[in-house]
Amino acid sequence: MEKVRNLVFRFLRLFVRLFYRKPEIIGLENLPQEPCILVGNHSQMHGPIIGELFFPDAYTWCAGQMMELKAVPAYAFQDFWSRKPKYIRWFYKLLSYAIAPLSVCIFNEARTIPVYHNKRIVKTFKQTLARLGEGRNIIIFPEHDAPYDHILCDFQTGFVDVARAYYKQTGKVLSFVPMYLAPKLRQVHLGTPIPYAPENAIKEERQRICDQLMTQISQLARSLPRHKVVPYNNVSKKAYNYNREEECTQ
């Protein structure tokens, strides 16, 4: 069964790679020599695809529910399609069940780390620290369904605790690199690293680092030529905002 799942994943990966145009990655010089955490806007499906295909030395945090057959339907519907018009939601509820086997195949075979919001978070941190110890970078898309500005949704802050655990384990300071994905421009922009400050209280560090990440990502977006921002929420393309605030649709 595992061999079949691996073959299916390799075929799907190749298929997507053939048709998904490679983005230009700008700011690679900003990546530290030591392992780091790249933190970006989710851009719906674009974030995971770009992470898997074009950052070969990185592992991406993935919702653990998308890796478990029984958990996929409820999570997928709520996260992807709950904003769809009421008259068509029945279709997306059926679709959430249909994609479950495929989701389990893809996300278990890809370079992912399952993320949990209960006591299993220990597994998330253990795998993350192991990958960092191998010299791998970690990619995290921490947006959640709460507004921040016309570019981003607000960030969940718990991922910053990885830096605290990494410092305790290695004595090394981990940096967070802001990353703006602009699929409409076929570009990825990397900003200035933000190092963890172990002398500060962790609650203070969570907020400081997330504030600086969101500020940089929004600034990167605004600095680019006019384009539509692919949002975190799965909304109609007509509702996409432009990167210029004065042209916002919502």
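The values are calculated or read from the model by the stated rules, or taken from the named source; none is laboratory data. Nothing here was measured: the structure is a model prediction, and the numbers come from that model. For neighbour counting, all protein chains shown are included, and Cβ atoms are generated from backbone atoms with ideal geometry for every residue, glycine included. Only protein heavy atoms, including side chains, enter the accessible area calculation; ligands, DNA and RNA are left aside. Shrake-Rupley method; radii C 1.70, N 1.55, O 1.52, S 1.80 Å.
Using every pair of separate Cα atoms, the Kirkwood estimate puts the hydrodynamic radius of region 54-147 at 14.6 angstrom. Using only side-chain charges placed at the Cβ, +1 for Lys and Arg and -1 for Asp and Glu, the dipole size of the chain relative to its Cα centre rounds to 980 debye. Counting only residues at least eight positions apart within a chain, or on another chain, the lysines with an alpha carbon under 20 Å from that of K126 are K168, K172. Evaluating 6.51 cos²θ - 1.76 cosθ + 1.60 at θ = phi - 60° for every residue in region 157-174, the Karplus couplings come out as 9, x, 4, 4, 4, 4, 5, 5, 5, 5, 5, 5, 7, 10, x, 9, 8, 8 Hz, glycine and proline recorded as x.
Considering the convex hull of the alpha carbon atoms of region 111-250, report its projected area averaged over all viewing directions, in nm², one decimal.
On the way: hull surface 37.3 nm².
Here the figure is 9.3 nm², rounded to one decimal.
Note on region 187-250 and region 1-59: Cα centroid distance 20 Å, given to the nearest whole angstrom. Entry comment: accessible area of the chain is 55 Å² per residue, from protein heavy atoms only and a probe of 1.4 Å. In summary, the lysines within cross-link reach of K184, defined as a Cα separation below 20 angstrom excluding same-chain residues under 8 places away, comprise K22, K228, K237, K238. Note on A130/E246: beta-carbon distance plugged into 1/(1 + (r/R0)^6) with R0 of 41 Å gives a FRET efficiency of 0.35. Work from the charge dipole of the chain (Cβ charges, +1 for Lys and Arg, -1 for Asp and Glu, about the Cα centre) and give the residue of Y92, I140, V230 farthest towards its positive end. Checked the options; the winner is Y92.
Summing Cβ point charges (Lys, Arg +1; Asp, Glu -1) relative to the Cα centre of region 167-250 gives a dipole of roughly 400 debye.
Mean sequence separation of contacting Cα pairs (under 8 Å, at least six apart), scaled by the length of the chain, corresponds to a relative contact order of 26 percent. For region 9-113, how big is the tail of P(r) above 19 Å, as a whole percent of Cα pairs? For region 9-113, the share of Cα pairs beyond 19 Å comes to 53 percent.
Rolling a 1.4 Å probe over the protein heavy atoms of the chain, with every protein chain left in place, gives an accessible area that is 55 percent carbon and sulfur.
Placing a pseudo-label 7 Å from each Cα along the Cα-to-Cβ vector at R111 and L95 gives an inter-label distance of 2.9 nm. Around the amide H of A63, modelled in the peptide plane, lie the amide H atoms of V115, all under 5 Å away and 5 or more residues distant in sequence or on another chain.
Would you mind calculating the gained length between D145 and N200 on full extension (0.36 nm times residue separation, minus the Cα-Cα distance), in nm to one decimal? Don't skip to the answer; put the middle values down first.
Values: separation 55, 0.36 × 55 = 19.80 nm, distance 2.82 nm.
Stretched fully, the D145-N200 segment lengthens by 17.0 nm.
Working note: Karplus 6.51/-1.76/1.60 with θ = phi - 60° gives region 56-67 the couplings x, 9, 10, 10, 9, 5, 10, 3, x, 5, 6, 10 Hz, where Gly and Pro are set to x. What is the percent of Cα-Cα separations in region 75-121 that go past 15 Å? Of the Cα pairs, 57 percent sit more than 15 Å apart. In a reduced charge model with +1 at each Lys and Arg Cβ and -1 at each Asp and Glu Cβ, region 9-84 shows a dipole moment near 500 debye about its Cα centre. Between the exposed loop cleavage positions of the chain, defined as GluC sites (Glu not before Pro) in a non-H, G, I, E, B DSSP state with at most 16 neighbouring beta-carbon atoms within 10 angstrom, the longest gap is 1-67.
Close amide H partners of I25, meaning residues 5 or more places away or on another chain with modelled amide H under 5 Å apart, are V188. When the Cα positions of V188, N108, P178 are compared along the charge dipole of the chain, N108 comes out farthest toward the positive end, with charges on each C-beta of Lys, Arg, Asp and Glu.
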